[in-house]
Structure formats: structure tokens, C-alpha cells
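Some notes on the structure that comes next.
The values are calculated or read from the model by the stated rules, or taken from the named source; none is laboratory data. Because the structure is a prediction, the values reported are computed rather than measured. Note that each Cβ is placed from the backbone with ideal geometry, even for glycine, and that neighbours are counted across all protein chains shown. SASA here: full protein model, heavy atoms, side chains in, ligands and nucleic acids out. Shrake-Rupley method; radii C 1.70, N 1.55, O 1.52, S 1.80 Å.
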Amino acid sequence: MSLIKNVGGLLLKPVIKQMSKSRLPELDGNIVLDGIQENIEIIRDEMGVPHIYASNLEDLMFAQGFVHAQDRLWQMEIHRRAARGTLSEILGEKAIETDQICRTMGYERVARKDWELFSDEEQKVLIAYSSGINAFIKKFPNQHAVEFKLAKVEPALWDPIDTAAFSRLLISQMTWGWYDEIIRAKLIEKVGAAAAGELDNNYPVGNPVALPKGIEFNKLKLDEHLGALRGPYVPQIAGSNAWTVSGFKTSTGKPFLCNDPHLPIKNPNIWYMVHLHCPELEATGVSVPGVPLVQIGHNANIGWGITLSFTDLEDVFIEKFTDETSNSYVHEGKIMQTQIFEEKIFVKGNPKPIIHKVLETVHGPIISDILDSDNKKLSLCSMSLKEGRNIMAWMKLNKSKNWNDFVDGVKEITAPGLNIVYADIEGNTGYYNSGKMPIRDKAVASVPSMGWTGSHDWNEFVPFSEMPHVLNPERGYILTCNNKIENDDYPYFLGDIYMNGYRANRLEEMFAKKDKFEPQDFTDMQMDFMCIPGKIFGKLYKGLKFDTAELQQAADGLANWDGILSTDSLIGTYYKVTKYLMVKRIYMSALPEKLAEELLGKGFNPIYGPVNTFLGHNTHALLRMINNKESFWLQKAGGKEKVLKEALKDALSWLKMNYGTNKKEWLWGKLHSIIIKHSFSEQAPMDKVFDVGPIEIGGDTDTLFQTAILNQEGFGGELACPSYRQIVDFSNFDNSQIIMPMGQSGNIASPYYKNQLRDWFGGKYFKMAWSRGKVNQMQKHRLVLSKK
């Protein structure tokens, strides 16, 4: 059957590519459209990136919606349906569970509340953006992506609520914490608090925090621009893979700002490169199709980059309902009426909808129906599900002229928790942590709380002025790699789900090697495959004696490994397979299989939540317990030497069973190959048409070039990698460099479909033209949208 599907995919691919060729959008010429005030010029460069020149903000947003639809309309369709919980209408029964989750979370319900908070300017931006999408949908029905024809569906007109709901979905997926509480509660129930505590995410000693001196606010070492930086966000006391480097540490004398957000790599990519220009706003970088403005990049004055901070903006509450109907519940000694929403989910091929009942308390939606919750009624309280003005946040960032404007924009981001690094043309560098952080202690935030008492409700929040931030740090650079943000003396609990800091440790090593940095240094950092915990793990095998020459050679290789996790590394494979089987053996020795799988990182839903943060925590937990003779887990598994020896034996047996006896087939890239998946991936043989890969790749979760595994079976497949790389040069924006996997277009026949992929793998970048002269020099296409 597999062979038939493979052959079917090979036969279909040229046919579908030919069908797609006839649907390529117009990139040159003149298109007359309703809905614009003045003519709009769209110049596409050699990489297919549109540089949009408009006379006013509304026309600019219209044009951005238009180019998003030209290149990514199917992706946008999937995204809005995911947010609204209507995927089942086009994908059938396999999407029901995902729709139920999204209806339970209520992204559309929150989006409608957001809309009521938006200012006139925000609403005009979304309306104009939607009008641009709809102009393309209506005028060019024969250019709609081929996936619409294959799925036998036509796109409905875009509504501003589609953007608001999809924004909520994005915010929710970048906000972490709630599922970990449930896993931790199960773990405590099974093995007790002490043994469970061994798996707490205790930060490795010696790994750096993002703000080693806490909140700093310093004058520039270059000159005296501090006087311009005043206002309510300047603290009255002295004292973050993104980094920003001050000019006194660069060859140009001006800052550099680097960013490579790590996300699951999809086809097409989540990001879309764009350069926006009108009198009120000019910004360049990457956007998300379905959402206006630039999300990461720079304008004429400042630049910004983002990483997840993993601050804990979510809690789970155990609710007490008055009876089995769940129509009312107890809260602070009062009987409260449950909000009930009956969601109709239509499924392809079925004329009658499924009725999905959603319950909501003062804390948030009841999530018990989408989880194994042992008959408890659990609600989710998340800042990602609280209404806010997220569009205004990005509007302010896009328009910012200085630090104060930037901070004013960050303040609007109530979720997700982000590390946002900053630099400007005056030479300032900085960082601010976003997210409205509830004040509570670690004990409350670690496991589900009693919801009926009200004693753990979110009544107070960390003042924004006291959230972690820094301007012009004394050491001359700021780095953030999802690592711990502040030292232990920081007065508020921000959560303990941050990553282990080994990437930050490696970055600090590289910064320590030079006094002055050039763009190539930053490229080397973004392409680095050094795995520090792998080296530490390998040292555990030093001096261990084995019965066979093969095992002894493997153990000695680990003990002397340089830690470079490249595609041609055999020892890297020994590390990854041995470590995984070791952790699995330890967990399985004390836990039932399902809970062990959750501790290994398995999420509650393969589409919506395939992993949890325990996935990134087990490496350091293992390194701690393996040297602790009193460890509950180590004792259960038989002690240190037995665990080390048995895991390596298991690893070699596993490799032989799955990859044969030829060790050339054991090299890390053979196991660790990326598949860039399309929304049709689950529908054979369409996966053979639209998926890209497998392609060998190095790295893992703990390398600067991160390639994190997103499944519990095997070591490759869909991976979380740098979804975009930027190196912004504040001495000359025309010298700024960017690259991303795949390309601008979602059309398989487009020259811009995956034209960046080879360079992304190879560490090459291209210049992101900023000045009009440079844009004209790089011009490949010119399209004018003309008013009627």
C-alpha cells in the first residue's frame, strides 16, 4: 500500500504543479481595483519579497492583505478555520477533535471582545487589510491556490474577526504553563512530592540568566543620548535566540540586532517577508499571513526581535459544580451561573452538525472534556484568553521612534510572554519582557488550584515598570535563548518552565572570544551545532568498562566527544539515542506508560498540542539525578552504573534493529532528517506532492541552530527550527541580512516556492533592501494597484 501511495504521489506531482502554474498571481503590470484611495506600487525583489509603497496607511494595509492573499491564501484559509474551529467542514472527521479544542478555548469569542476594545485606527487597519484580501478573492478566482480545487472548497470573503481570532490562536499557542500543572499533579499523586520534585525545572548552576544585573538603565558609552529617553517607563532605581549588541562592541560602531525564532517548520513557512512604506509608517521584516503589519524587523528608527520567555501566564483551577448538569458552580461562597455555549461543528459529508457544549466559569473555559482529568472539572485561566489590544501593540512597535515608544508598545502585549530585544539608530540597545504577569508563588502556579475558594484567583499583577527590562547594559550586549530571565533575588515568581540555558551558555562562550563583532560572527552563532549537555553527558562514560569492543568504543567515543552535533556525527547519534532510552527506562521503572510518555514530552493533542515543556527539561533532570545516589528515580532504575551501561547497550541494539549494521547509516543526519509538512500531509498520496524532505540536518533542542524533535517516535520528521533569521545592521539598513526556510509563495509552481531553502540550510543570507535606491536595484517585478 505504501508503494502504491508513493507512486501515486510521484504521478500526481507534475499534474498538480501544472495546475498550479496556471494559478500563479500577477506580479507585473497594472490592476484596477475598488477600495483604494490612491495608486499603490508593489516592487518584488529577486527573492519575491514585496516592497509596498502607498500614500496612506489604509491603502498600505489593503496592499499587504492583497499580496498575502496572492501568495498564501490557502495557508490563511487553514489558519482562520483552525482559529474558528471549522476545519472539519473541509477536512472531515479527522479534524473534529481540533475543532472542539479551539471552540472550547473560544478564540472567536475572545476575538469579538477584542474588537470592541480596538480603537477606530485599529479597526480601520483590519478592515483595510481584509478588503485587500477580498479584492484578490473576488477579482482573481482562477488564481486561488490549487489546494482549494483539490479540497473542493471556495474561500469565503475575509472578515476582520478572522484576523482577530487567528491572532488569539497564535497568542494561545505561544503561551505555556497549564498542561504542565496537570502532568505535575499526576506525578505527585503517583510518586509523592519529593520524587516529583526531582523532576522540577531547577536551572543549571552556571548557565546564564538573560539579565545578570537585573533591571539596568545606563547612559550610552558612545555618547549622551540618554536625555531623550524619559517618561513613565524609566525606573527610579538602578539595578535578555535573540541578541542585540551595542556599537562599542561591533566593527561598525553601531548596534546589531539578531533573531532566529524557533518554530515548527511548515510548508509554507509561518512567516512572510514584507517591506511596508507610507508617510505614517515604514517597516520591514516578517509578517504572518492573516495578520497585518510587521511582527519582527525594523523601521527607520528602531528594530526588535522576539523569543518566547516561557513566563507562566496560565493556571488550572478545579471547579466545584452544584450538580451533574454543570449549570452552576461555587465561587467564594456564592452560587454562580455557568456560561454555556452550544457550538455547532459541521463536518464534511454530514448534513447535521455536532453540538459541542462549552462551559465557562469566572476563571475560563472548562477543559476537562478535551483531557483525561479523572472526572475533575478543570478550568483554564490564561492571559491568552483575556481580551486586549494586541493589534495596537504591533502598530506601536511598527511606528516607534525611540525606546519610550517601544516600551509603550510592549505594554499592550498582555500575552504571550516574550523576550523582546531592542536597538535604535542612536546606538541604544535594550530588552523588555512582555505579558501581564499574575502575582502568585511557585506552589500555587505548579499544580491545579481549588477554584471554588477564590483564594488563588488573579487579583494582583506585577507592575509593568517592574517587569524585567534593561537599557544599554554595561557589558554591551543582551542575549535571550528562552533561558531564565532574572536571578533568584528578583521579587516576583515568573514561572519555572523556561528552557535549560545551555544555548545561552554556548552564546556566552562565543561572545567571550572577541571584543569586536562582525556580521560573520553572528552568522556563525546562528549556525552553531555545539551541544553542551551532550558533552557533559558523554563524560559520564569516562572510565566505564564494557564486555565488548563495540560497546567500549562507543563509550570511549562519548567520553571524548567534542559536542558538535553535525549530520555526519556518529557519536552524536550515540548521545541522542542513549539519552532518550535512558530517560525512558528511568521513567518507565516507576510510572505507568502514559504518564511516562507525558514526562517525555507528549502533548494532549497531536495537532493542537503535540508537545509539552517537559520535553525540554528532561536532559538537565537526567544530569542531576544520575549523580545523586539518593535519587528515587535512579534507585528505581537500578543505580548509576547499571543505568549508563544498559542504556548504551539498548541504543546499539535499537540502531541495529532500525538502521542495520552499517554504521554509515547511523550518522546523526540519517536519523535526524526534517520533513517540512503541508496541511495535506495526513492525506496520502498528497503528502508526496506537497511535503518537502526528508532532508538531513544537524543539531537538537540544545544547539544554537536548534532543531528540536516534535514527536516521541524517532528522531526526525517535523522539527522546530529557526523559522527566520535576521541580522539587522544599524550602521546601514541596506546591509541587513535575512533568510528563512522555503520561500514567499505557497504555490508549488512558483519560482519563490522554496528558493530560500538551500541557503537556509547552508548559512547563507540575502540583503533586505531598505532604501528606495537599493529596492530599485533589486527589482524583479513591478505591479501597480490603481484606483478606479
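Key figures for this structure:
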quantity	calculated
Per-q log10 I(q)/I(0), the range 61-203, q = 0.09, 0.15, 0.20 Å⁻¹ (Debye; single scatterer per alpha-carbon; no solvent)	-0.40, -0.82, -1.20
Cα extents of the range 138-217 along the three principal axes, largest first (Å)	62, 47, 22
Above-threshold pairs, the threshold being 28 Å between Cα atoms, out of LYS386/LYS442; LYS149/LYS677; LYS213/LYS539	LYS213/LYS539
Radius of gyration and maximum dimension Dmax of the range 642-686, Cα, Å	15.6, 46
Inter-site label distance for GLU474 and ASP562 at 7 Å from Cα along Cβ, in nm	3.7 nm
Per-selection metrics, the range 547-588 (Cα): Rg and Dmax in Å	11.3, 31
Exposure rank, largest accessible area first [TRP178, TRP394; 1.4 Å]	TRP394, TRP178
Surface per residue (accessible, 1.4 Å probe) for the range 440-546, Å²	40 Å²
Gyration tensor (Cα) of the range 664-724, equivalent ellipsoid semi-axes in angstrom	21, 14, 10
Prolate/oblate/rounded call for the range 253-409, Cα gyration tensor, a/c under 1.5 rounded	prolate
Alpha-carbon centroids, the range 121-167 and the range 397-466: separation in whole Å	32 Å
Most to least accessible of GLU147, GLU116, GLU38 (protein chains only, probe 1.4 Å)	GLU116, GLU38, GLU147
Under 15 Å from LYS594, Cα to Cα: aspartates and glutamates that are on another chain or at least 8 residues apart	ASP180, GLU189, ASP372, ASP374, GLU713
Directionally averaged projected area (convex hull, Cα atoms, the range 597-710), nm²	9.4 nm²
Heavy-atom accessible area per residue - the range 295-334, 1.4 Å, Å²	31 Å²
3J(HN,Hα) from dihedral phi, the range 593-599, Karplus parametrisation 6.51/-1.76/1.60, rounded to Hz, x for glycine, proline	4, 4, 5, 4, 5, 5, 5
Rg/Rg_ref, the range 686-766, where Rg_ref = 2.2 N^0.38 Å and atoms are Cα	1.26
22 Å Cα-Cα reach of LYS788 towards lysines, excluding residues that sit fewer than 8 places from it in its own chain	LYS124, LYS138, LYS139
The range 513-619 shape via C-alpha gyration tensor axes, a/c threshold 1.5	oblate
Listed peptides 314-326, 296-308 by packing density, highest first (mean Cβ within 10 Å)	296-308, 314-326
Rg/Rg_ref, the range 13-82, where Rg_ref = 2.2 N^0.38 Å and atoms are Cα	1.28
Label corresponding to Rg/Rh (Cα atoms, Kirkwood Rh) when calculated from the structure given, among [x] 0.95; [y] 1.03; [z] 0.99	[x]
Carbon and sulfur %, accessible surface of the chain computed with the full protein complex present, 1.4 Å	51 percent
Value of [θ]222 nm, deg cm²/dmol, for the chain, DSSP H segments ≥ 4, -39500 (n - 2.57) each, nearest 500	-10500 deg cm²/dmol
